[in-house]
1. With axes computed from alpha carbons, what is the tilt in degrees of helix A:166-197 against the longest principal axis of chain A, rounded to the nearest 10 within 0 to 90?
2. Would you mind getting me the FRET efficiency between A:LEU182 and A:SER214? Use the beta-carbon distance for r and R0 = 41 Å, nearest 0.05.
3. Quick one: if you stick a label point 7 Å off each Cα along the C-beta vector at B:ARG33 and B:TYR121, how many nm between them?
4. Could you work out the relative contact order of the range A:124-197, using alpha carbon pairs under 8 angstrom and six or more residues apart, expressed as a whole percent?
5. Could you give the length gained by full extension between A:ALA154 and A:ASN11, i.e. 0.36 nm per residue of separation minus their alpha carbon distance, to one decimal place?
6. How high is the FRET efficiency from A:ALA229 to A:ARG19, r the C-beta distance, R0 25 Å, rounded to 0.05?
7. With r defined as the distance between the Cβ atoms of A:ASP193 and B:TRP20 and R0 fixed at 35 Å, what FRET efficiency is calculated, to the nearest 0.05?
8. Could you tell me the convex hull volume per residue, in Å³, taken over the Cα atoms of the range A:1-96?
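Nothing in this text is a laboratory measurement; each read-out follows from the coordinates by a stated rule. The shown structure was predicted, so the numbers you read here are calculated from the model rather than taken from an experiment. Note that we place each Cβ from the backbone using ideal geometry, even for glycine, and neighbour counts take in every protein chain shown.
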Amino acid sequence: MDIGIIDYWANRGDSILHRASAPSKVVAAALIVGGVVMTANLFVLLAIYLAVAAVIISARLPALRIAAIAAYPAIFALIFAVSRWDGSLLSPAIIVLRSLAAALTMLMLITTTPYPQVFATFHRFVPRAVGDGLFLTYRSLFIILDLLGDIWIALRLRGGVTRGRYVKNVVNVSYGLGLLALRAFRLSQRLYDVMRLRGYAGRLVARRRARKLSACDLYPLGLGASLAALSAATTLWPAILIPYVGYAPLAALAALLGAAACTHLTAPRVGRG
Amino acid sequence: MSHIHIPDGVLPLWIILIGWVITGGLLLVASRRLVGEELTRRLPLLAVMATLMVGAQSVVLPPIGYHLNLTALSGIILGPALGIIAAFIVNLILAMVGHGGITVVGLNTLVFGAEMALGYYLFRGLRGALRGRLGVGLAAGAATLLSLLAGTLLMIAVVAASAVSPGWQMPHGPETLVLPNPFGEPTVIGRPEEADRGVSAQVQVGRFAILVLFLGLIGWPLEAIVTGLVARYLGSVWPDLLEPEGVQARRSR
């Protein structure tokens, strides 16, 4: 999982979704995740998953790579699925697809919205230590990930990690992590000095965008509302809608193929591939 | 893997809400301890420890998805109050990149926080009995092993509680799936009788516990060894980090 590349995609994209405001995308993600956990219909879940994938493709992001990142929760979901085995493939499929759809939705949010903007959306609603901790963690993340990369390269170049020497590898990697921890603590001391110097008064201020709804905001809000409505309607009125809900994933698949065709025919995609 | 991140859509709404309420309360209590100069002083350390945990958990070994946690080590360094804040930050960031559920951040935070708090107290307790540089590593390793076991047992307890009352709509049994056919009769798959009765496929807690404990028994010793070695390294280079000066002075008398 490369947090750095996710941040790059969020900051460098220029699609309608990238231009939409962070609060509208957070609300859209909340609506879609709410729709995912509300429904137990496989077709609805499939439709939501494919619709979110179509939106990611239309934002000119590497959808396959993002889908691969979003596949990680399936490992944990499989454990729950096996524990709930009732002789049918349907229950495990629903459990796994729920986790996949929710994860893909969060990735849609975070690959089109820089972390600080997401944090700024709910910064006012959390305690100071939590809000400021989120910003400082984001700030430290890339420094420490760079340090981790350097230490890993150094370990390999100096023979600290070699094939066949498993015990020695574990010991050397552990000491490498210890060195990383030391450098992280020194970083924390420098951060403290900088914060004192710059007059930190107990609250980091996040840059806020204009509060007016723009046309770009209607796109994620419309997506979130329609997917949540689909889920709610099929949950509340199954007898009426279930005969027709099988068309939903077909429609989502058509949207996905259309998005893929459009992006393929137009400008090149953002990202390192 | 040394512990499981609960994904979205597997637990009922009522238990998810309880998780959020308890986590919110603990965050408020912990935050009240961090004001003014104390906040400025401790916040950077909290941020870098949260970063180390995020970094460790973002390095995944295929195919089982195993990764290090560093929860016990972070708990030893941060303590329980800062630990719960760091646990929340880590779970929120990981949920945003699809590593664990976003609706269950509250519950995952409680599991992490329990591991960190136990890691802290167990290390302090064991350190009293185990002296010397080797003692630091052994105490940290043993604290890690026990705290990860406790965290997993807590998660099993949460899942067991959810099985008692699966709740309103989440999760409920698979509804009848109908493959539409615009030219003729639709094909029905699924189990209509169960859909009509609203039966939910409940978690078999025993089966779940066996699976999770089996996977944990592979990961916990490895995490305990790594944490012990890291603690031994830190103990020899920067002892104050793991043990305040007063504790060291008392131990050396």
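1. In chain A, helix A:166-197 runs at an angle near 90 degrees to the longest axis.
2. FRET efficiency, A:LEU182 to A:SER214: 0.30.
3. So the label points at B:ARG33 and B:TYR121 sit 1.2 nm apart.
4. Working: 22 pairs, mean separation 17.3, N = 74.
With pairs under 8 Å counted, the relative contact order is 23 percent.
5. Numbers: separation 143, 0.36 × 143 = 51.48 nm, distance 3.02 nm.
Using 0.36 nm per residue and subtracting the Cα-Cα distance, I get 48.5 nm.
6. Computed FRET efficiency for A:ALA229 and A:ARG19: 0.55.
7. According to the calculation, E is roughly 0.45.
8. 105 Å³
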